[in-house]
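**Student:** My questions all concern the structure below.
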Amino acid sequence: PIFAKTYSMCALSLANKRFSQAEKGAIVAEDFIITGWIDLVAPTPTQQAFLDSLAVSDLPHTHFFALYSVLTDRLVALDCARLTGECRVETKATKSQLRRDRIAACHEFESRIADYRPAIKKETQFNRQVRISTQIKQLEGQLAEISKKL
């Protein structure tokens, strides 16, 4: 039956939660971190390194926020690995926050590049196509520069 079916794919997500300042009793979730789909039967080497880093014995047990922080660092490491090819976890809080800021900047550059790509195809004037193409190249250069620092 339905319950006998096994699933080999998973995706993980984390988000900070806080009480809403605008609406009493409401909770706001922000700063979402979401992994892509991971095939648990045949993960990529990067995904396997990530999964290995989630061993419960290696995670802190002092308090829930310490556990949450370490899990967040692991998800950020997997996200960075998409650009660097290496799933490396930062252990110092200051480096971890800097890395989160850098991966957020990478996401911003990727989003802007994705916005420009359809615009270049729609554009009929060659000089505008060149301008858009130049902007894309500049953004790709900035993305590559930040990716090196992850």
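The values are calculated or read from the model by the stated rules, or taken from the named source; none is laboratory data. Computed from a prediction, not measured in an experiment: that's the story for all the values here. Heads up, the Cβs are rebuilt from the backbone with ideal geometry, glycines too, and the neighbour counts pull from every protein chain shown. Only protein heavy atoms, including side chains, enter the accessible area calculation; ligands, DNA and RNA are left aside. Shrake-Rupley method; radii C 1.70, N 1.55, O 1.52, S 1.80 Å.
**Student:** When only residues in the range 82-105 that are open to solvent by 90 Å² or more (accessible area, probe 1.4 Å) and β-branched (Val, Ile, Thr) count, which is farthest from TYR68 (Cα to Cα)?
**Tutor:** In this case the residue turns out to be THR94.
**Student:** Look at the range 32-59 and say how many of its residues are in contact with a Ser or Thr (Cβ under 8 Å, 6 or more places away or on another chain), assigned to a loop (DSSP other than H, G, I, E, B) and within 20 Å of GLU90 (Cβ to Cβ).
**Tutor:** 1
**Student:** Within the range 19-31, which residues are outside any loop (DSSP other than H, G, I, E, B), at pLDDT 90 or above and surrounded by 10 or more Cβ atoms within 10 Å (Cβ to Cβ)?
**Tutor:** The answer is PHE19, VAL28, ALA29.
**Student:** Here's something else I'd like to know. Would you confirm, using the coordinates I've provided, whether GLU108 is open to solvent by 60 Å² or more (accessible area, probe 1.4 Å), within 23 Å of TRP37 (Cα to Cα) and part of a helix (DSSP H, G or I)?
**Tutor:** Here the answer is yes, as GLU108 does meet what is asked.
**Student:** Might you let me know whether the range 125-132 holds any residue that is open to solvent by less than 50 Å² (accessible area, probe 1.4 Å) and not in a helix (DSSP H, G or I)?
**Tutor:** no
**Student:** Yes or no: LEU78 touching a residue at least 24 places away in the same chain (Cβ under 8 Å), of a type outside the set (Lys, Arg) and open to solvent by less than 50 Å² (accessible area, probe 1.4 Å)?
**Tutor:** Against the criterion (touching a residue at least 24 places away in the same chain (Cβ under 8 Å), of a type outside the set (Lys, Arg) and open to solvent by less than 50 Å² (accessible area, probe 1.4 Å)), LEU78 qualifies.
**Student:** Which numbered condition in (1) open to solvent by 50 Å² or more (accessible area, probe 1.4 Å); (2) out of contact with any helix residue (DSSP H, G or I) (no Cβ under 9 Å at 6 or more places or on another chain) is the only one that ALA66 fails?
**Tutor:** Of (1) open to solvent by 50 Å² or more (accessible area, probe 1.4 Å); (2) out of contact with any helix residue (DSSP H, G or I) (no Cβ under 9 Å at 6 or more places or on another chain), only one is false for ALA66: (1).
**Student:** Taking the options ALA15, ALA29, ALA42, ALA49, name whichever one is hydrophobic (A, V, I, L, M, F, W, C) and more than 20 Å from the chain's Cα centre (by Cα).
**Tutor:** Sole residue among the options that is hydrophobic (A, V, I, L, M, F, W, C) and more than 20 Å from the chain's Cα centre (by Cα): ALA42.
**Student:** For the range 43-59, which positions are free of Cβ contacts under 8 Å to residues at least 12 places away in the same chain, of a type outside the set (D, E, K, R) and either open to solvent by 40 Å² or more (accessible area, probe 1.4 Å) or in contact with a Cys (Cβ under 6 Å, 6 or more places away or on another chain) (or both)?
**Tutor:** Correct list: THR44, PRO45, GLN48, VAL56, SER57.
**Student:** Still on this model: Which one of THR62, THR84 is closer than 21 Å to ALA11 by Cβ and hydroxyl-bearing (Ser, Thr, Tyr)?
**Tutor:** Exactly one of THR62, THR84 is closer than 21 Å to ALA11 by Cβ and hydroxyl-bearing (Ser, Thr, Tyr), namely THR84.
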